[in-house]
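The values are calculated or read from the model by the stated rules, or taken from the named source; none is laboratory data. Fair warning: this is a prediction, and the values are worked out from it, not measured in the lab. Note that we place each Cβ from the backbone using ideal geometry, even for glycine, and neighbour counts take in every protein chain shown. Areas reflect the complete protein model, heavy atoms only, side chains present, ligands, DNA and RNA absent. Shrake-Rupley method; radii C 1.70, N 1.55, O 1.52, S 1.80 Å.
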Amino acid sequence: MNQLIDPFNRKITYLRVSVTDHCNYRCHYCRDEEHQTHTTRPEVLSFEEITKIVSLFAKLGVTKVRLTGGEPLLRKNILDLTKMLGNINGLTDIPLSTNAHLLASFAAKLKDHGINRANISIDSLIPKRFNKITRNGDLTKVLKGIDTAIAVGMSPIKLNMVVMKGINDDEIESMIDFAIDRAVDIRFIETMPVGLAGIGAVDRHYSEKEILERVYKKIGEKLVSTTTKQTDGPAKPMLIDGTNTSVATISAVSNHFCNSCNRVRLTAKGDLILCLGQENSISLRDAVRSSMSDEEINNLIINAINKKPEKHFFSSAIDNISDQQMVEIGG
Ligand code: SAM
């Protein structure tokens, strides 16, 4: 039985686990130019600690655990962790969020370990532009990662494009064509004012309304609404008729979907973050490194969930925004 029900009657079934705050890309909406990661190995949760925390969450009712980062595939021996997580009773879904730079060499093994699906960040299909947005990313490698994931049968694959005014908004249409061509899903994401880099991206914000106008103009007559699946999260996908591709927007700024929020986040350093838009966390690393019993840690988690804020303040109170950058929180 799920024991993680917050004061607003939301059942917490989804834990996002950042396995590293290091990333090989430096997307300018995710981390500011100066940002460096100095986190050392002893500061981050070990695989045993992550597995212990995830197992406790699974016993309390969490069924979905997403591996994120930083770039999760950069974490040394990540396949040892995916194997360990695959053995936890109660988990039904362990997706991955990745920039796909290294995915080509990992995809087959990940699939073997039950990581059946992936969300892949890709903000441009123009190599020079991609390189600029990611501050040195390699589009060729990412495309190879996507194609390998498709070839080994990872499914569904969802492409995540953060749409930014004057930077890549002219690629909404070509990204739809690309997704149809590869029979994968596409999700257009509004920039969120999280951390310094996110706040910096506010003036490039491209709203859900603007995104949808473009989507409807291109394929409006072909859009068929589908029933939302558990894997859809806050997105409300629409199928493009005659294809295997769905389109959705993730619009945390235009739309508060906080009333259906079912998630909490664990950072690489073991902080449990209760709401993306607010700075409130407790250290589960201290708990698992202390002499606390499992029951005491369970109670700590349950008490934390009791303090989950009702909603984020993305649109109103910049002052409330976390000092942490997305690259540290995991998106
Ligand atoms: N490296 C992995 C990746 O590229 O997907 C996982 C980590 S990344 C922080 C997770 C997601 O957060 C990506 O889809 C990224 O585009 C998104 N993201 C980061 N900063 C954001 C922001 N300010 N607004 C909206 N999405 C953001």
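One table, with the values for the structure above:
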| quantity | calculated |
| --- | --- |
| Within the range 258-274, considering residues that are more than 13 Å from the ligand (Cβ to nearest atom) and assigned to a loop (DSSP other than H, G, I, E, B), the one surrounded by the fewest Cβ atoms within 10 Å (Cβ to Cβ) | 269 |
| Filter result (part of a loop (DSSP other than H, G, I, E, B) and out of contact with any Pro (no Cβ under 6 Å at 6 or more places or on another chain)) within the range 275-294 | 276, 277, 279, 280, 289, 290, 291, 292, 293 |
| Selection status of residue 20, polar (S, T, N, Q), in contact with a helix residue (DSSP H, G or I) (Cβ under 8 Å, 6 or more places away or on another chain), in contact (Cβ under 8 Å) with a residue 60 or more places away in the chain and within 27 Å of residue 324 (Cα to Cα) | yes |
| Selected residue [outside any helix (DSSP H, G or I), of a type in the set (S, T, N, Q) and more than 13 Å from the ligand (Cβ to nearest atom)] from 298, 255 | 255 |
| Residue check for residue 71: farther than 15 Å from residue 265 by Cα and without any contact (Cβ under 8 Å) to a residue 12 or more places away in the chain | no |
| Leading residue by the ranking (surrounded by the fewest Cβ atoms within 10 Å (Cβ to Cβ)) among those in the range 17-76 that are aromatic (Phe, Trp, Tyr) and not in a loop (DSSP other than H, G, I, E, B) | 47 |
| The range 77-104, residues that are open to solvent by 10 Å² or more (accessible area, probe 1.4 Å), of a type in the set (Ser, Thr, Tyr) and free of Cβ contacts under 8 Å to residues at least 40 places away in the same chain | 92 |
| Residue within the range 312-326 that is within 15 Å of the ligand (Cβ to nearest atom), assigned to a strand (DSSP E or B) and surrounded by 19 or more Cβ atoms within 10 Å (Cβ to Cβ) present | no |
| Top-ranked residue of the range 105-149 - restricted to ones that are more than 16 Å from the ligand (Cβ to nearest atom) and touching a helix residue (DSSP H, G or I) at 6+ places or on another chain (Cβ under 6 Å), ranked as most open to solvent (accessible area, probe 1.4 Å) | 109 |
| Hey, residue 45 in contact with a helix residue (DSSP H, G or I) (Cβ under 9 Å, 6 or more places away or on another chain) and more than 16 Å from the ligand (Cβ to nearest atom) or not | yes |
| Extreme residue, surrounded by the most Cβ atoms within 10 Å (Cβ to Cβ), among residues of the range 289-310 that are in contact with a helix residue (DSSP H, G or I) (Cβ under 9 Å, 6 or more places away or on another chain) and within 17 Å of residue 15 (Cα to Cα) | 301 |
| Every pair of residues 6+ apart whose Cβ atoms lie under 8 Å, when the first sits in the range 39-68 and is over 16 Å from residue 302 (Cα atoms) while the second is assigned to a helix (DSSP H, G or I) and within 16 Å of the ligand (Cβ to nearest atom) | 47/81; 50/81; 51/81; 67/78; 67/81; 67/82 |
| Residue check for residue 177: more than 14 Å from residue 29 (Cα to Cα) and surrounded by fewer than 21 Cβ atoms within 10 Å (Cβ to Cβ) | yes |
| Residue identified as closer than 25 Å to residue 14 by Cβ, modelled with pLDDT under 95 and more than 18 Å from the chain's Cα centre (by Cα) among 227, 245, 231 | 227 |
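Results for (1) in contact with a helix residue (DSSP H, G or I) (Cβ under 8 Å, 6 or more places away or on another chain); (2) over 17 Å from residue 314 (Cα atoms); (3) touching a residue at least 60 places away in the same chain (Cβ under 8 Å); (4) surrounded by fewer than 18 Cβ atoms within 10 Å (Cβ to Cβ), shown as yes or no for each residue.
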{"residue": "199", "(1), (2), (3), (4)": "yes, no, yes, yes"}
{"residue": "208", "(1), (2), (3), (4)": "no, no, no, no"}
{"residue": "212", "(1), (2), (3), (4)": "no, yes, no, no"}
{"residue": "218", "(1), (2), (3), (4)": "yes, yes, no, yes"}
{"residue": "231", "(1), (2), (3), (4)": "no, yes, yes, yes"}
{"residue": "236", "(1), (2), (3), (4)": "no, yes, no, yes"}
{"residue": "239", "(1), (2), (3), (4)": "no, yes, no, yes"}
{"residue": "252", "(1), (2), (3), (4)": "no, no, yes, no"}
{"residue": "255", "(1), (2), (3), (4)": "yes, no, no, yes"}
